[in-house]
Amino acid sequence: MTTRSRTTPRAVGITEVAQQAGVSPGTVSNVLNRPERVAEATRLKVEKAIVELDYVRNSSGSSLRSGRSDAVGLLVLDVTNPFFTEVARGVEEEAAEAGLAVVLLNSAETQERQRRNVRLLAEQRAAGAVVMPVDDDLSDLLWLHSRGTAWVALDRGDVTEDVGCSVSVDNQAGGAAAGRHLIGLGHEHVTFLTGPFAIEQVRRRHEGLRDAFTEAGLDPDDAVRVIEQPLLNSAQGERAVDAVLAGGPNRRPRAVFCANDQLALGLMKGLGRRGLRVPEDISVIGYDNVDFADLVHPGLTTVAQPKYELGRSAMRLLVSALKEPDHVHRRVLFTPELVVRGSTAALRSLQA
């Protein structure tokens, strides 16, 4: 039996394009890299040859010469969270306008995955990175900077200008807005369902919630109960139902503020399976205003973050850093907005 060997087609190179266009390889290189130096008629001939031969530029050579690729990394906490879909869209659109490609990476809320991905970006000579750190330890970002890779911290309000650029939302103000809303509905005791307190955004939202009770003349230590989950996803929200309802009907919380919409939507699902109604039995408020927060019934009351604008702003800062290595670090801070829907209501007695 004979076997037919398979050969991989050889990619078309600059030499073939030059022969097709009747010019030198140097002219083709100029058309690709410095088109302003080439006469229009010659440039058009070369561009025609590129199309006819289906030539694809090999960027690895120019990356080796310059030391950097035309790709930037976007490292997020959880790619399954729809919050990051809009953030990524903003990052990608701003990057595309600057002629950059975006590589999406997932830390899965773990320091180990974050460190591995940061080193991967350095190995691949990424031009820069937009990173949402998993905790307060910024050593991975500082290491990346020491390797000559620019970075911007995403959604981290505690990164100061002397350390690096950052784009974030005032999470403490968002937590306070959620707290004031619930207090205005008569809720003087609230359960805060959250992910790990190692995440700075979580801590700020909790502090804001406590601020609201202090402003109302209530003791936050008595008013705010905390339930911490290992991750910020809907499965954890659903699993948290037992902890939320611990203590029996007479001690059941009447309002739960969730650190993000994923937890809130999972909690609502779990409460429904227990026969409890939102908001008649328990008011639920989330954070982020993901796209489908208004598609569930009842619609989820939440604190909206400008997700798309976060992404664009972060990439804009990164592009600026790439163009001006000695640029001054900037901190951009957005203000969140409360969006009231049907998942929160005025407190009623359990007997009503």
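Taking Cα pairs under 8 Å and at least six residues apart, what relative contact order does the stretch 295-352 come out at, in percent?
61
Enumerate the calculated ³J(HN,Hα) couplings along the stretch 219-226 in order (Karplus 6.51 cos²θ - 1.76 cosθ + 1.60, θ = phi - 60°), each rounded to whole Hz, writing x wherever the residue is Gly or Pro.
7, x, 5, 8, 7, 10, 9, 10
Only Cα pairs within less than 10 Å get springs; with that Gaussian network setup on the chain, which residue of 164, 13, 73 has the largest fluctuation?
Residue with maximal mean-square fluctuation among 164, 13, 73: 13.
If you stretched the chain out fully between residue 214 and residue 85, how much longer would it get, using 0.36 nm times the residue separation minus the C-alpha to C-alpha distance?
In short, 42.9 nm is gained.
For Cα pairs less than 8 Å apart in space and 6+ apart in sequence, what is the mean separation divided by the residue count of the chain, i.e. the relative contact order in percent?
Computed over the chain, the figure is 17 percent.
Which value, in Å² rounded to 10, gives the accessible area of residue 329 with a 1.4 Å probe and all protein chains present?
The accessible area of residue 329 comes to roughly 60 Å².
Highest GNM mean-square fluctuation, the chain, Cα pairs closer than 10 Å: which of 94, 47, 188?
Residue with maximal mean-square fluctuation among 94, 47, 188: 47.
Residues with amide H under 5 Å of residue 301's amide H, sequence separation 5 or more or different chain, H placed in the peptide plane at 1.01 Å from N; which?
HN-HN under 5 Å from residue 301: 286, 341, 342, 343, 344.
Over the chain, with a Gaussian network built from C-alpha contacts below 10 Å, which listed residue (281, 70, 222) shows the highest mean-square fluctuation?
222
Can you compute log10 of I(q)/I(0) for the stretch 191-283 with the Debye formula, treating each Cα as one identical point scatterer, at q = 0.19, 0.21, 0.22 Å⁻¹?
-0.88, -1.04, -1.12
Could you tell me the relative contact order of the stretch 187-293? Use alpha-carbon pairs under 8 Å, at least six residues apart, and round to a whole percent.
Details: 176 pairs, mean separation 32.3, N = 107.
Relative contact order here is 30 percent.
Considering only protein heavy atoms and a probe of 1.4 Å, how much of the accessible area of the chain is carbon and sulfur, as a whole percent?
Answer for the chain is 49 percent, counting heavy atoms of protein chains only.
Quick check: Cα centre of the stretch 273-352 to Cα centre of the stretch 35-58, how many Å?
Cα centroid to Cα centroid, the span is 48 Å.
Quick one: accessible area per residue over the chain, 1.4 Å probe, rounded to a whole number of Å²?
49
Going by amide H atoms built from the backbone, whose H comes under 5 Å of the H on residue 332, apart from near neighbours?
166, 167, 168
Alpha carbons only, please: Rg and Dmax for the stretch 203-352, in angstrom.
Gyration radius and largest Cα-Cα distance of the stretch 203-352: 18.4, 65 Å.
Could you list which residues have their amide H under 5 Å from that of residue 255, counting only those 5 or more apart in sequence or on another chain, with H placed in the peptide plane?
Those qualifying (amide H under 5 Å, at least 5 residues apart or on another chain) are 191, 283.
I need the phi-derived Karplus couplings for the stretch 122-131: 6.51 cos²θ - 1.76 cosθ + 1.60, θ = phi - 60°, integer Hz, Gly and Pro marked x.
So the J values, rounded to whole Hz, are 5, 4, 7, 6, 4, 5, x, 8, 9, 10.
Please state the charge dipole magnitude for the chain, taken about the Cα centre, from unit charges on C-beta atoms (+1 on K and R, -1 on D and E), reported in debye and rounded to the nearest 20. Provide the component values of the computation, followed by the final result.
On the way: 41 positive and 46 negative charges, 245 e Å.
Using only the charged Cβ atoms, the result is roughly 1180 debye.
Between the stretch 91-129 and the stretch 188-264, what is the separation of their alpha carbon centroids in Å?
Going from one Cα centre to the other spans 32 Å.
Taking the Cβ of residue 315 as the center, what net charge do the other residues with Cβ under 10 Å away carry, scoring Lys and Arg +1 and Asp and Glu -1?
-2
Tabulate in residue order the Karplus-calculated ³J(HN,Hα) for the stretch 97-106, using 6.51 cos²θ - 1.76 cosθ + 1.60 with θ = phi - 60°, rounded to whole Hz; enter x for Gly and Pro.
Karplus-based 3J(HN,Hα) across the stretch 97-106 equals 5, 9, x, 10, 9, 10, 9, 8, 10, 10 Hz.
The values are calculated or read from the model by the stated rules, or taken from the named source; none is laboratory data. Bear in mind that the values here come from a model prediction, so they are computed numbers and not experimental data. Positions of Cβ are backbone-derived with ideal geometry, glycine not excepted, and every protein chain shown enters the neighbour counts. Quick note on the areas: whole protein, heavy atoms, side chains included, nothing else; ligands and nucleic acids left out. Shrake-Rupley method; radii C 1.70, N 1.55, O 1.52, S 1.80 Å.
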